[in-house]
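**Student:** Structure incoming, see below.
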Amino acid sequence: AMRARGAQATDIVVLVVAADDGVMPQTIEAIQHAKAAQVPVVVAVNKIDKPEADPDRVKNELAQYGIIPEEWGGESQFVHVSAKAGTGIDDLLNAILLQAEVLELKAVRKGMASGVVIESFLDKGRGPVATVLVREGTLNRGDIVLCGFEYGRVRAMRNELGQEVQEAGPSIPVEILGLSGVPAAGDEVTVVRDEKKAREVALYR
């Protein structure tokens, strides 16, 4: 379920496949989610520094599932990396940037934010907590948000490092506090003008 939500919330999937293991069951599952969400795939062939690494085997195996390398006439970039040695990381970042250019990915930073709930839980001390990925606009502390059946004023926001932030723009994930309850992962997040309206919409749903 987490992989499915991830594929739906993202613009580009980076599929990491170990050069020594090849395609595993979780790889196939990730491919299926990427295809269902119609999201392009960049393949990172990891552990390329290992003696038993066989990147050609990875290409052949992935081709069976419709992930065809560009050099074979397909649409997927394959990048050789070693997370351990740090090899090829710049190449991977360049591949992602190139794919983003091809897709002409742009988002409006101005205006009221909208996004999606990636995950959520109930914290004993802090109450309902939701990790939100902003897609459009800017989410500010103090904004009133509607998340599925839940609503509330954003009391606090934290970035991926756990630091308090005042705002979050497009493509930025943040943890937010202040909701009436725990929203469902995958719920749309919308900023609304007033709390009364948010409550009405949440109850109506």
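The values are calculated or read from the model by the stated rules, or taken from the named source; none is laboratory data. Everything quoted here is computed from the prediction, not taken from an experiment. Positions of Cβ are backbone-derived with ideal geometry, glycine not excepted, and every protein chain shown enters the neighbour counts.
**Student:** Could you check segment 126-143 and list, in sequence order, the residues that are in contact with an Asp or Glu (Cβ under 8 Å, 6 or more places away or on another chain), surrounded by fewer than 18 Cβ atoms within 10 Å (Cβ to Cβ) and farther than 15 Å from Glu160 by Cα?
**Tutor:** Hit for segment 126-143 is Asn140, nothing else.
**Student:** A further question on this structure: What's the number of the condition His33 fails, among (1) over 19 Å from Asp187 (Cα atoms); (2) outside the structural domain of Ser171 (by TED's automatic domain parsing)?
**Tutor:** (1) is the only condition that His33 fails.
**Student:** Scan segment 157-176 and give yes if some residue there is more than 20 Å from the chain's Cα centre (by Cα) and within 18 Å of Glu119 (Cα to Cα), otherwise no.
**Tutor:** Keep residues of segment 157-176 that are more than 20 Å from the chain's Cα centre (by Cα), which gives 164, 166.
Narrowing further to those that are within 18 Å of Glu119 (Cα to Cα): none.
Taking every residue of segment 157-176 in turn, none turns out to be more than 20 Å from the chain's Cα centre (by Cα) and within 18 Å of Glu119 (Cα to Cα).
**Student:** Which ones in segment 99-118 are surrounded by 16 or more Cβ atoms within 10 Å (Cβ to Cβ) and in contact with a helix residue (DSSP H, G or I) (Cβ under 9 Å, 6 or more places away or on another chain)?
**Tutor:** The answer is Gly115, Val116, Val117, Ile118.
**Student:** Hey, any hits in segment 152-170 for a residue that's touching a helix residue (DSSP H, G or I) at 6+ places or on another chain (Cβ under 7 Å) and modelled with pLDDT of 90 or more?
**Tutor:** Among the residues of segment 152-170, at least one is touching a helix residue (DSSP H, G or I) at 6+ places or on another chain (Cβ under 7 Å) and modelled with pLDDT of 90 or more, which makes the answer yes.
**Student:** Look at segment 144-176 and say how many of its residues are surrounded by 20 or more Cβ atoms within 10 Å (Cβ to Cβ) and out of contact with any Leu (no Cβ under 9 Å at 6 or more places or on another chain). Full working, then the answer.
**Tutor:** First, the residues of segment 144-176 that are surrounded by 20 or more Cβ atoms within 10 Å (Cβ to Cβ): 144-148, 150-152, 154, 157, 168, 174-176.
In the following step, the residues that additionally are out of contact with any Leu (no Cβ under 9 Å at 6 or more places or on another chain) were identified as 144, 146, 148, 175.
Total satisfying the criteria: 4.
**Student:** Which of the residues that make up segment 70-122 are charged (D, E, K, R), touching a residue at least 12 places away in the same chain (Cβ under 8 Å) and more than 30 Å from Gly181 (Cα to Cα)?
**Tutor:** Glu75, Lys84, Asp91
**Student:** Considering only residues that are touching a Lys or Arg at 6+ places or on another chain (Cβ under 9 Å) and not in a loop (DSSP other than H, G, I, E, B), which ones fall in segment 18-31?
**Tutor:** Within segment 18-31, Ala18, Gln26, Glu29, Ala30 meet the criteria.
**Student:** Another question, if that's okay. Could you tell me how many of the residues in segment 72-97 are in a helix (DSSP H, G or I) and either at pLDDT 90 or above or surrounded by 13 or more Cβ atoms within 10 Å (Cβ to Cβ) (or both)?
**Tutor:** Counting residues in segment 72-97 that are in a helix (DSSP H, G or I) and either at pLDDT 90 or above or surrounded by 13 or more Cβ atoms within 10 Å (Cβ to Cβ) (or both) gives 9.
**Student:** Out of the residues in segment 32-71 that are β-branched (Val, Ile, Thr) and assigned to a strand (DSSP E or B), which is surrounded by the fewest Cβ atoms within 10 Å (Cβ to Cβ)? Spell out how you get there, then give the answer.
**Tutor:** We begin by selecting, within segment 32-71, every residue β-branched (Val, Ile, Thr); these are 39, 41-43, 45, 48, 58, 67-68.
Filter again for assigned to a strand (DSSP E or B), leaving 41-43, 45.
Numbers: Val41: 22, Val42: 18, Val43: 26, Val45: 26.
So, considering only residues that are β-branched (Val, Ile, Thr) and assigned to a strand (DSSP E or B), the one surrounded by the fewest Cβ atoms within 10 Å (Cβ to Cβ) is Val42.
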